[in-house]
Structures are given as C-alpha cells and as structure tokens.
Amino acid sequence: MKTLTLNNLNTLPYATEEALNRLRINFNFCGDRFKKILITSSVPGEGKSFISTNLWRMLGESGRNVVLVDADIRKSMMRTRYRMSSNGGDFVGLSHYLAGSASLDDVVYATNLPGAYLLPTAHTVFNPSILLQNGRVEEMLDALAQRFDHVLVDTPPLTNVADGELIASFCDGALLVVHGGGTPRSLVSNSLKLLDRAGCELMGVVLNRVKEDGNPYYQKYTKYGYYYEDNDGSRKK
Ligand SMILES: Nc1ncnc2c1ncn2[C@@H]1O[C@H](COP(=O)(O)OP(=O)(O)O)[C@@H](O)[C@H]1O
Ligand SMILES: [Mg+2]
C-alpha cells in the first residue's frame, strides 16, 4: 500500500484537544452499527474538514483502523492544507476511482498517522454529480466498511450542492457540524430535513467554533443532537 505523509498537523490548544477527545468518546458510545459516517454541515467553513480530520486522527491513535474519504471533490483543501506528499507513483484519488480509472487498492493510502488511512481527492472536479451517481460510491463505501472499523466521509455542505445528500443516502449516520452562534437556525433545520430525506440517521451535532473561556475556537459535542428510541420505536430527543 502506498503512503501519504501529512506534513502540517499543528498542535492544538489543550481545550480543543480535550473537546475533540470527548467527541471521540461520545462517538464510540453510538455503537458499532455506525460504520459509514458522513461528516457534514449546512454551509462552508463550519469545520467539517477540521472535525473529520481530527476525529480520524484520534480514532486511529486509540487503536481503531479508520479510513477518511475526502469527498469534497469540488473544493478539497486537504492536499494543500496538509502539504501531502506521496511515497511515489501517481497521486490518484476519489475521482479516478469513480471514473473507473483506478481500483480501490490504488486509492486507499496508509498515512504517517497510526491506524489512519486516507482516500484523498487528488484532483478537484467542477461538476462531479454524474460521477457520484454511477453506483460506485455505494460500492466503495460498502467495500471500505468491510475492511475498516469506521469509514468517515468528509463532504461539501448540504445546502450548496446535492453531493452531500446523495452520499448521505449511502451512510449509516451523520455528524452535523454547526458553527455555534454563526449558522442560522433555519439552515440547521433545513440540513436536518435533508439528512432525514436521505434516510441518514443523525448521530449527533458538533457545536464548533464557539467562543468560550477566551479560546478563539472551541468545540464541544453537545447532547442536543442525540436521539434515542423509545420502547414503541419512536424517536425522542
Ligand atoms: N475548532 C476549530 N479550531 C481551530 N480551527 C478551526 C476549528 N474549526 C475550524 N477551524 C479552521 O477554520 C477553517 C475552516 O474549517 P474547515 O474545516 O475547512 O471548514 P469546512 O470543511 O466546513 O468548509 C480551517 O482553517 C480550519 O482549520
Ligand atoms: Mg471542508
């Protein structure tokens, strides 16, 4: 397997690291039936990629085998943000796999992080809708779920383009990232509707970028998004 090195992982402030650790623990409480997990939000900049990358890193550090699929094919920042370098060969990724020019083995990379595997976006594609609709996404996610403990999927925002909703329909659950104090209530409620329509269960809401205790960014995993099923099968908040 080829290896990708992520070069730019900054050390996070203690409070952020702690909040992310709590997110990881709460994530584990959701149980093993959630294997294919969408990480999404309503609009750009709420922290989907930040949360998915850090959750991925931490789950790997805790001994899980986790693959992160960078499915923001239109606008992925991962390659530049982490100054990724490959240990040789062509840098191929999701769009190559979806177009049928690469196999799954060609596009899943080990990384310099323990237990953390990556299926990157190697080239951005302006209009990937056709690629996403050709049946290979579902096949890919199922195959990854067989091989890994968790498959995390970082996506574009739900309200801008249909990509996120489409991918949601193939996932077992979703984490909805919300910019605390930033994202209008109506957009959050619209995102919940879109997830529901896609048949993707809400695992939780990550309230991110909340100003607290003087920390410029602070995120915590809230209970607001948790649902549990009553004996009669109805969903309670
Ligand atoms: N909790 C956080 N702490 C520090 N930086 C954050 C946090 N959440 C987001 N950011 C930063 O904000 C910017 C936008 O976040 P990003 O994850 O790229 O958003 P999205 O993927 O939702 O568009 C990035 O530079 C990211 O590193
Ligand atoms: Mg992103």
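The values are calculated or read from the model by the stated rules, or taken from the named source; none is laboratory data. Note that the structure is a prediction, hence the values are computed from the model and not measured. Methodologically, a virtual Cβ is constructed for each residue, glycine included, from the backbone with ideal geometry; neighbour enumeration extends over all protein chains shown. Ligands, DNA and RNA are excluded from the accessible area calculation, which covers all protein heavy atoms including side chains. Shrake-Rupley method; radii C 1.70, N 1.55, O 1.52, S 1.80 Å.
The apolar share of the surface of segment 1-127, taken as the fraction of accessible area on carbon and sulfur atoms (1.4 Å probe, ligands and nucleic acids excluded), comes to 50 percent. Computed from the Kirkwood radius of its Cα pairs, the Stokes-Einstein diffusion coefficient for segment 1-159 at 37 °C and 0.692 mPa s stands at 206 µm²/s.
Divide by every residue of the chain the summed helix terms, -39500 (n - 2.57) for each DSSP H run of at least 4, and state the resulting mean residue ellipticity at 222 nm, rounded to the nearest 500 deg cm²/dmol. When only DSSP H runs of four or more count, the value is -9500 deg cm²/dmol.
Kindly identify segment 6-70 as rounded, prolate or oblate by the Cα gyration tensor criterion: order the square roots of the eigenvalues as a ≥ b ≥ c, call it rounded if a/c is under 1.5, otherwise compare a/b with b/c, prolate if a/b is larger, else oblate. Note, shape of segment 6-70 comes out rounded.
Here the dipole of segment 1-92 is about 200 debye; that uses its Cα centre as origin and unit charges on the Cβ of Lys and Arg (positive) and Asp and Glu (negative). Based on Cα contacts under 8 Å between residues 6+ apart, segment 15-165 shows a relative contact order of 37 percent.
If you sort the three axes of the alpha carbon gyration tensor as a ≥ b ≥ c, you get a/c of 1.5 or more for segment 41-86 and a/b no higher than b/c, which makes it oblate. Only lysine pairs 8 or more places apart or on separate chains count here, and in the chain those with Cα atoms under 17 Å apart total 8.
Residues in the chain average 47 Å² of solvent-accessible surface per residue, probe 1.4 Å, ligands and nucleic acids excluded. Averaging the Cα positions of each part gives two centres, and for segment 105-170 and segment 1-80 these lie 13 Å apart.
Please give the direction-averaged projected area of the C-alpha convex hull for segment 27-120, in square nanometres with one decimal.
Averaging across all directions leaves 7.0 nm² for the Cα convex hull.
Zone of M1 (label point 7 Å along Cα→Cβ, backbone N under 14 Å): which residues in segment 88-110? Residues passing the 14 Å test: 104-110.
Extension gain, S62-R83: 0.36 nm per intervening residue step, less the Cα-Cα distance, totals 5.1 nm. Charges were assigned to the Cβ only: +1 to each Lys and Arg, -1 to each Asp and Glu. The resulting dipole of the chain about its Cα centre is roughly 540 debye.
Across the options V43, F148, F91, the greatest Cα extent toward the positive end of the charge dipole of the chain (unit charges at beta carbon of Lys, Arg, Asp, Glu) belongs to V43. The Cβ shell under 14 Å around L4 holds other residues with a net charge of +2, Lys and Arg each +1, Asp and Glu each -1. Sorted largest first, the principal axis extents computed over the alpha-carbon atoms of segment 84-152 equal 34, 26, 17 Å. Of all segments of the chain bounded by chymotrypsin sites (Phe, Trp or Tyr not before Pro) found in a DSSP loop with no more than 15 other C-beta atoms within 10 Å, the longest spans 1-125.
Taken about its Cα centre, segment 86-198 carries a charge dipole of roughly 400 debye when the Cβ of each Lys and Arg holds +1 and the Cβ of each Asp and Glu holds -1.
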